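*Asks:* Below are the structure tokens for one structure; questions will follow.
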Number of protein chains: 2
Amino acid sequence: MRKVVLAVVAVSSALIMGAGGKSEDVKLLEEARKYFEPLPKVVDNPENPVTPEKVKLGKMLYYDPRLSKSGLISCNTCHNLATYGVDNLPTSVGHRWQIGPRNAPTTLNAALHVAQFWDGRAKDVEEQAKGPILNPIEMAMDSPEEVVKRLRSIPEYVKLFREAFPNEREPLTYENVAKAIAAFERTLLTPSRFDKFLKGDLNALTREEKEGLRLFIEIGCASCHNGPAVGGRMLTKFGVVEAYWEATREYVTLEKPTMPMDVGRFAVTHRKEDLYVFKVPSLRNITRTYPYFHDGSVWNLEDAVQVMAKVQLGRELSEDQLRKIVAFLKALEGEIPKHALEVPVLPPSTPETFKPEL
Amino acid sequence: MRKVVLAVVAVSSALIMGAGGKSEDVKLLEEARKYFEPLPKVVDNPENPVTPEKVKLGKMLYYDPRLSKSGLISCNTCHNLATYGVDNLPTSVGHRWQIGPRNAPTTLNAALHVAQFWDGRAKDVEEQAKGPILNPIEMAMDSPEEVVKRLRSIPEYVKLFREAFPNEREPLTYENVAKAIAAFERTLLTPSRFDKFLKGDLNALTREEKEGLRLFIEIGCASCHNGPAVGGRMLTKFGVVEAYWEATREYVTLEKPTMPMDVGRFAVTHRKEDLYVFKVPSLRNITRTYPYFHDGSVWNLEDAVQVMAKVQLGRELSEDQLRKIVAFLKALEGEIPKHALEVPVLPPSTPETFKPEL
């Protein structure tokens, strides 16, 4: 037995410390670890601990269209887990087919972000979850009280809230609707080959992907897109070197972009320095979350990367650089956790449940 | 070993042939078997054999919103498997929030029906599946060719069609889109406690449910609602004794019923005898597929049963009869097959894939 173990140690040392290409890989890994971390299993929140009961309830609420006025739109309508937590539309469709102003960001890995929404106006997924349900152009519920009233008319939900929030006198509150959904979202992490690499498996990425990773760091992408989510850690101006809408214009395939000059975080703070400031999105699963940017204006990942190089870093990437960086980005495609893809059977309404308004 | 087997036979004979209440139950079972059958595992179609490859592909297509012009509406939008294959709306919402004229029937157990749609205008689920995708107020695709072109731009679909239709020169056709979806639907069967009863387990139903079943047969409900789906076997006039819209009016909770006097199958055949003729719906999972009737005008099952007694059989049920019949109907609530609730991760679009039109 001891011999076998020693042999394995010897082989893995050879893999990491070996000559030529291998030692380059070790250096790359060391460099990468300065910017990135593997995904955790769960993004816990001491103020809203992730429990199985809360996750179960949260998943049901996430899939339940009765959280919308029409009874048709659920969280999963725009953050469809079959398509990596997005709707793959430029901007989303809400109540009575109203078109929203910004692209739906993925719920996958979102709990890792420093703040929620493109302009960071919610501090965490708990606060975020309260927004779309009441937004008149999204799920359009009239008030938090209406949401609670509707859920309270469904005995199975009353029971599930009691189980998910066992020490509370009144567990079925709007606050807890959001907490349950957020607890579910805190489990939506998608480990990929890049995580294997970060954990020390130098062969988890191909040669081209590693070159892409090196370029991603060298060129400066990683100065904003870093951390476990490869982004989501800060807000910054979109269009440092030149106006983003000038750069995206040539790639826009839609007839009418919905909001050509979105002021970004400025609309929240009214501070001059927040003009055109947006959250740096996570690049995990970026191959699946097209179209790109806050306005969903650009459909192809190659184009989006080229735009970013131009407007943030003031450079044009060669075809070779572009190909390698995109290869690296593809390696960020991860696995959606199985429990998230098991659709819950929703409890039936009762005669007391509100009727949908179309 | 032999002894154990004999003992089991003896016990089960005692259960079936036993004295008192038991023999009544045996008579009820015998009577019930004249009208009903347990659900099969799969509803096969010799012209479209159900294979694992076809079911896998069909499920992906069922969940894929790219089968609609907007890229937002999938089969599962109106036939949501989280809510027993329906949307629980009076009538459905389609492209650009257009409201359809009739209530979305469940896809569960639908493959058993003698024909599809409320007016029976499609002969089977294969023919049915071709309808909504092209219907301008539903999924609104411009033509079968557009659907095929869109899917052909996604390499994983090309591969999956090849696997599902291995002996065809061109497997990716609109015909096969429908065949794959239909093959998936042919597996959507929901066995319930009633099936256990029909198979001989006399204790599978409660006393009240059995009394409801007896009434269901005696009163005449079973003369239309029969077969393995407890309905779906014939088309008949809705409103034999009196006009249905007179009877439903008092239960209607919506401000504006969408189509107060739907002519039913007459619109298809233009024959006088088809005026107000509709398919007899399956009553399996009827507790979950509210609101009721082709116009979704009645929300409560008790009300719907009372309306049916009145307009089809010319009688008013006592509270006791109503309670028992509804108890029996609740026992028809079955289990949605697990594979149907496992959401497929959908393959990504490519630059060649059509862009959604909102």
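Values in this text are rule-based calculations from the coordinates and carry no lab data. Owing to the predicted nature of the structure, the values given are computational and were not obtained by experimental measurement. All Cβ positions, even for glycine, are placed from backbone atoms using ideal geometry, and neighbour counts span all protein chains on display.
*Asks:* Got a sec? Charge dipole of the protein assembly as shown, +1 on Cβ for Lys and Arg, -1 for Asp and Glu; which of B:Thr190, B:Tyr84, A:Ser74 is way out at the positive end?
*Replies:* Final value for the positive-end residue is B:Thr190.
*Asks:* A further question on this structure: Could you derive backbone 3J(HN,Hα) for segment A:102-112 from the dihedral phi with the Karplus parameters 6.51, -1.76 and 1.60 (θ = phi - 60°), listing whole Hz in sequence and x where the residue is Gly or Pro?
*Replies:* 9, 5, 5, x, 6, 7, 5, 6, 5, 5, 6
*Asks:* Could you state the angle between the C-alpha long axis of helix B:21-35 and the longest principal axis of the C-alpha atoms of chain B, as a value from 0 to 90 degrees rounded to the nearest 10?
*Replies:* Value to nearest ten degrees: 40.
*Asks:* Sticking with this structure for a sec: How big is the equivalent ellipsoid of segment B:52-189 along its three axes, where each semi-axis is √(5λ) from the Cα gyration tensor, reported in whole Å from largest to smallest?
*Replies:* 23, 17, 13
*Asks:* Which whole-number percent is the relative contact order of segment A:52-189 (Cα, under 8 Å, 6+ apart)?
*Replies:* So the answer I get is 31 percent.
*Asks:* If each DSSP helix of 4+ residues adds -39,500 (n - 2.57) and the sum is divided by the residues in the protein assembly as shown, what number results at 222 nm, nearest 500 deg cm²/dmol?
*Replies:* -12000 deg cm²/dmol
*Asks:* State to the nearest 20 debye the size of the charge dipole of segment B:52-189 about its Cα centre, where the only charges are +1 on K and R beta carbons and -1 on D and E beta carbons.
*Replies:* Roughly 180 debye, rounded to the nearest 20.
*Asks:* Sort A:Ile217, B:Ile137, A:Ile286 so that the residue with the fewest other Cβ atoms within 10 Å of its own Cβ comes first and the one with the most comes last.
*Replies:* B:Ile137, A:Ile217, A:Ile286
*Asks:* Would you tell me the mean number of C-beta atoms belonging to other protein chains that fall within 10 Å of each C-beta in A:91-104, as a whole number?
*Replies:* Across A:91-104, the average partner-chain Cβ count within 10 Å equals 2.
*Asks:* Something else now. 5 Å is the cut-off here: which amide hydrogens, built 1.01 Å from N in the peptide plane, fall below it relative to B:Phe238, excluding neighbours closer than 5 in sequence?
*Replies:* The answer is B:Val277, B:Phe278.
*Asks:* Now for a different question. Taking only the alpha-carbon atoms of the protein assembly as shown, what semi-axes of the equivalent ellipsoid follow from 5 times the gyration tensor eigenvalues under a square root, in whole Å, largest first?
*Replies:* After scaling each eigenvalue by five and taking roots: 50, 30, 26 Å.
*Asks:* So what is the relative contact order of segment A:166-256, in percent, for Cα pairs below 8 Å that sit 6 or more residues apart?
*Replies:* 9 percent
*Asks:* Separate question: Provide the percentage of antiparallel DSSP beta bridges, counting only those with both residues in the protein assembly as shown; round to the nearest 5.
*Replies:* Counting DSSP beta bridges with both partners in the protein assembly as shown, the antiparallel share is about 90 percent.
*Asks:* Where does helix B:207-219 land angle-wise versus the long Cα axis of chain B, in degrees 0 to 90, nearest 10?
*Replies:* Helix B:207-219 sits roughly 80 degrees off the main axis of chain B.
*Asks:* I've got another one for you. As a test of understanding, state the convex hull volume per residue of chain B from its alpha carbons, in Å³.
*Replies:* Here the figure is 152 Å³ per residue.
*Asks:* Also, quick follow-up: Per 5 Å bin from zero, what fraction in whole % of the C-alpha pairs of segment B:87-139 is there, up to the bin with the longest pair?
*Replies:* Taking all Cα pairs of segment B:87-139, the binned fractions are 5, 20, 27, 28, 17, 4, 0 percent.
*Asks:* Which peptide among B:41-48, A:153-160 comes first, and what is the full order, when sorted by highest mean count of other Cβ atoms within 10 Å?
*Replies:* So the peptides B:41-48, A:153-160, ranked by packing, come out A:153-160, B:41-48.
*Asks:* While we're looking at this one, here's another question. Counting Lys and Arg as +1 and Asp and Glu as -1, each charge on the Cβ, what is the dipole of the protein assembly as shown about the Cα centre in debye, to the nearest 20?
*Replies:* Roughly 1440 debye for the protein assembly as shown.
*Asks:* I'd like to compare A:226-234, B:85-93, A:94-102: which one has the highest average count of other Cβ atoms within 10 Å, and what's the full order after that?
*Replies:* Sorting A:226-234, B:85-93, A:94-102 by mean packing, highest first, produces B:85-93, A:226-234, A:94-102.
*Asks:* Listing B:Ser143, B:Ser282, A:Ser223, A:Ser192 from the residue with the fewest other Cβ atoms within 10 Å to the one with the most, what is the order?
*Replies:* Sorted ascending by nearby Cβ count, the order is B:Ser143, A:Ser223, A:Ser192, B:Ser282.
*Asks:* By counting other Cβ atoms within 10 Å of each Cβ, how are B:Phe266, A:Phe194 ranked from fewest to most?
*Replies:* In increasing order of surrounding Cβ atoms, one gets B:Phe266, A:Phe194.
*Asks:* While we're on this one: Taking amide H positions as placed 1.01 Å from N in the peptide plane, with prolines and chain starts having none, which residues 5 or more places from A:Val298, or on another chain, fall under 5 Å of its amide H?
*Replies:* A:Tyr292
*Asks:* Same structure again: Percent relative contact order of chain A, based on C-alpha pairs within less than 8 angstrom and at least six residues apart?
*Replies:* Taking the mean separation of contacting Cα pairs over the length of chain A, I get 24 percent.
*Asks:* Between the alpha-carbon centers of segment B:289-317 and segment B:119-139, tell me the distance in whole angstrom.
*Replies:* One Cα centre to the other: 26 Å.
*Asks:* Separation of segment B:64-103 and segment A:190-224 by C-alpha centroid, Å?
*Replies:* For segment B:64-103 versus segment A:190-224, the Cα centre distance is 41 Å.
*Asks:* To test your reading of the geometry: what angle, between 0 and 90 degrees and rounded to tens, separates the Cα axis of helix A:174-185 from the longest principal axis of chain A?
*Replies:* Tilt relative to chain A: about 30 degrees.
*Asks:* Please list 3J(HN,Hα) in residue order for segment B:272-278, calculated via the Karplus relation 6.51 cos²θ - 1.76 cosθ + 1.60 where θ = phi - 60°; whole Hz, with x for glycine and proline.
*Replies:* Working through the residues one at a time gives 4, 6, 9, 5, 6, 8, 10 Hz.
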